[in-house]
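A.B. asks: Sending over a structure as structure tokens; questions will come in a sec.
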Amino acid sequence: MGDNLTESISSPSLAPPRSILVIGGGPAGLVTLRNLIERSNDKFEQVELVERRDDVGGVWYQDEPTISSVNPSGAINKPQWPSPAYPGLIGNVLPRFLAFSEYPFPESPDHLHQPFPTVEETYEYLRGFAERYIERGVVRLNTEVMRVEEIPERKGWKVRIRDWGVCDDNDGMPEEREERWDAVVVCAGYYDKPNWPNTEGLDSVRKRGLALHAKWWNGPEGYEGKKAIIIGNANSSNDIASQLAPVAQAPVYRSIRRPPAPWFPSLLDSRIKNVGAVKKYILQPAEETEEGMMLEKMTVVLQDGTEIKDVDVVILGTGYCPNPEFVHVLPHENEKESTVSLMSYTNPILPQLRRIPFLHRHILYAYNPSLAFIGAILAMTPFIVADVASTWLTLAWLGEVPYPQTIDGRLAFDRERIMQVEKMLEVPLPAATTDANADLPPSSFITYAFLGPGDTGTSESGKGGEAEYANGLRDDIVSARPDLDAVLPTWDAEAIKARTEMYPTKYEALKWAQMHCV
């Protein structure tokens, strides 16, 4: 895409950076760190990764719920950022598609019946992958990025950090300081901001503690006998419904807008009842219990007018909004003005166009390519897509992989992706249950960031499938470095077939677990 794809980055304004900061110690950040160091053959003088929590692993590292306060002495208690992963989580991606190139995933002990790694197994894989870089001293834990700010005239980025690792030696206070880096790669911030539907009454029931997002799901304990409604029918919603079914009041309602996608397998369960989309939530008058406590419930009204009364809790598996709000860039209109939040440039009328704006190939910030994002798309196989994308970034910054040198050329990709999504939105999709669903908003999977699984290079909903995207990056890499052809993940016919068969395999694993697990 763009008008200058054959040009290299020989322009002095796009010279290879000397120092690079990677933000985020999840899968995308870790493989980006590896590729910037090892696939550059150490040509970058300084590459480091910062992670705000006390260990790497991203969403696969589970810890305690968020706590943020000031203790009596006035010192700030270190906040915690809980993972959206939950106890009992088993992934839906096979090890083959979780393994970074040149670092295979170990075989699960129970791989015959349950070939999908648990959250603990995935964390251990990532921790092992990161160990050599932690020992090398290029990973800084307990380091929170407060602000990333573009410096005028392409002179790099100011990064304001808060070092929580010095609290014990600093009267309980973190140390704040400013660093300067030639380039920054953002691999974090994608699971911080839950997506809340714009449904009438939802704010009211949230304020009363009757609604929560799947981000804060921590297992079925405490929901015994509760009347519950789950919103959505993707991975989190399906898992939560199945965990609630044995303990909550039957049936557990699952509100869905459209038939389930084949890549989100779930078992039929007589204790789970699918219903249509929610139209509004209504708080019921509080009732006093025998213990003298005031108990609040709600009525959930569906699009077809059906009312489900006396609901105790609604849990929403409605995804996340990209939110690297700490990134501030120079205004495009006048670079002499103060910096503005990058995300202030994306406030679309259509929620399907919410995105990290102005990215070339979903990676490079078009107005200043020394800022990059890895993991800005919703991928079916995020580990290996991040591996290929960060390898592409490494070679792009070294000048080995070409990309447009003009701002307009780099913006072309973003414009074309927006047009693709707008075109997909013109095609109506079937409703899940009732005729009343026919007028609902488009599927949540028709979005800027979700490319679709792809098959031979396109997804069912149009161009832009994950296979096509990843193969494009891979082709660029192999053209520059033929030796990497043998080690990079592939999206050829065999790999796509294996990935397609992964979802029936998951279904069979769920059936086996249901029959053999208490």
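The values are calculated or read from the model by the stated rules, or taken from the named source; none is laboratory data. Fair warning: this is a prediction, and the values are worked out from it, not measured in the lab. For neighbour counting, all protein chains shown are included, and Cβ atoms are generated from backbone atoms with ideal geometry for every residue, glycine included.
A.B. asks: Could you say whether any residue in the stretch 332-346 is in contact with a Phe, Trp or Tyr (Cβ under 8 Å, 6 or more places away or on another chain), closer than 20 Å to residue 189 by Cβ, in a loop (DSSP other than H, G, I, E, B) and not small (Gly, Ala, Ser)?
C.D. replies: no
A.B. asks: Provide a single number: the residues in the stretch 364-383 that are among the aliphatic types (A, V, I, L, M) and outside any strand (DSSP E or B).
C.D. replies: 6
A.B. asks: If I filter the stretch 290-298 for residues that are outside the structural domain of residue 182 (by TED's automatic domain parsing), assigned to a loop (DSSP other than H, G, I, E, B) and of a type in the set (A, V, I, L, M), do I get at least one hit?
C.D. replies: Checking the stretch 290-298: at least one residue is outside the structural domain of residue 182 (by TED's automatic domain parsing), assigned to a loop (DSSP other than H, G, I, E, B) and of a type in the set (A, V, I, L, M).
A.B. asks: Look through the stretch 192-218, keep the residues that are under 21 Å from residue 352 (Cα atoms) and touching a helix residue (DSSP H, G or I) at 6+ places or on another chain (Cβ under 6 Å), and return whichever of them is modelled with the highest pLDDT.
C.D. replies: Taking the candidates together, the pick is 214.
A.B. asks: Using the structure shown, decide if residue 280 is outside any loop (DSSP other than H, G, I, E, B), surrounded by 13 or more Cβ atoms within 10 Å (Cβ to Cβ), among the charged types (D, E, K, R) and in contact with a Phe, Trp or Tyr (Cβ under 6 Å, 6 or more places away or on another chain).
C.D. replies: no
A.B. asks: Being farther than 30 Å from residue 364 by Cα and among the acidic types (Asp, Glu) is the requirement here; does residue 203 meet it?
C.D. replies: Judged against the criteria, residue 203 is a match.
A.B. asks: When you look at residue 354, is it basic (Lys, Arg), under 22 Å from the mean Cα position of the chain (by Cα) and at negative phi, yes or no?
C.D. replies: For residue 354, the condition - basic (Lys, Arg), under 22 Å from the mean Cα position of the chain (by Cα) and at negative phi - is met.
A.B. asks: Separate question: Could you tell me how many of the residues in the stretch 343-370 are over 24 Å from residue 468 (Cα atoms) and at pLDDT 95 or above?
C.D. replies: Of the residues in that region, 3 qualify.
A.B. asks: For the stretch 174-230, which strands (runs of 3 or more DSSP E) that fit wholly inside it have 1 or more residues that are closer than 30 Å to residue 154 by Cβ?
C.D. replies: Those strands (runs of 3 or more DSSP E) span 175-181, 183-186.
A.B. asks: Which ones in the stretch 220-233 are crowded, with 20+ Cβ neighbours inside 10 Å and either at pLDDT below 95 or on the phi > 0 side of the Ramachandran plot (or both)?
C.D. replies: Selection gives 220, 232, 233.
A.B. asks: Scan (1) assigned to a helix (DSSP H, G or I); (2) surrounded by fewer than 24 Cβ atoms within 10 Å (Cβ to Cβ) for the single condition residue 386 breaks and write down its number.
C.D. replies: The failed condition is (2).
A.B. asks: Just give me the residues in the stretch 299-331 being among the hydroxyl-bearing types (Ser, Thr, Tyr), within 30 Å of residue 366 (Cα to Cα) and outside any strand (DSSP E or B), in sequence order.
C.D. replies: Within the stretch 299-331, 318 is the sole residue that qualifies.
A.B. asks: May I pose another question? Name the residues in the stretch 250-259 that are farther than 14 Å from residue 316 by Cα and either basic (Lys, Arg) or free of Cβ contacts under 8 Å to residues at least 60 places away in the same chain (or both), would you?
C.D. replies: Listed by number, the residues that qualify are 250, 251, 258.
A.B. asks: Filter the stretch 231-249 for residues that are part of a loop (DSSP other than H, G, I, E, B) and under 19 Å from residue 298 (Cβ atoms) and give the result.
C.D. replies: Scanning the stretch 231-249 gives 232, 248, 249.
A.B. asks: Just to be sure I understand, how many residues within the stretch 283-312 are loosely packed, with under 15 Cβ neighbours inside 10 Å and within 19 Å of residue 241 (Cα to Cα)?
C.D. replies: Within the stretch 283-312, residues that are loosely packed, with under 15 Cβ neighbours inside 10 Å and within 19 Å of residue 241 (Cα to Cα) number 2.
A.B. asks: Related question: Would it be correct to say that residue 144 is among the charged types (D, E, K, R), over 23 Å from residue 36 (Cβ atoms) and at pLDDT 90 or above?
C.D. replies: The answer is no for residue 144.
A.B. asks: In addition: For the stretch 250-271, which positions are buried (at least 17 other Cβ atoms within 10 Å of the Cβ) and either touching a Cys at 6+ places or on another chain (Cβ under 8 Å) or modelled with pLDDT of 95 or more (or both)?
C.D. replies: Residues satisfying the conditions are 251, 252, 253, 254, 255.
A.B. asks: Looking at the stretch 412-429, is at least one residue assigned to a loop (DSSP other than H, G, I, E, B), of a type in the set (Val, Ile, Thr), farther than 24 Å from residue 265 by Cα and modelled with pLDDT under 95?
C.D. replies: Checked the stretch 412-429: at least one residue is assigned to a loop (DSSP other than H, G, I, E, B), of a type in the set (Val, Ile, Thr), farther than 24 Å from residue 265 by Cα and modelled with pLDDT under 95.
A.B. asks: Only residues that are out of contact with any helix residue (DSSP H, G or I) (no Cβ under 7 Å at 6 or more places or on another chain) and touching a residue at least 12 places away in the same chain (Cβ under 8 Å): list them for the stretch 168-182, please.
C.D. replies: Selection gives 171, 172, 176, 177, 178, 179, 180, 181, 182.
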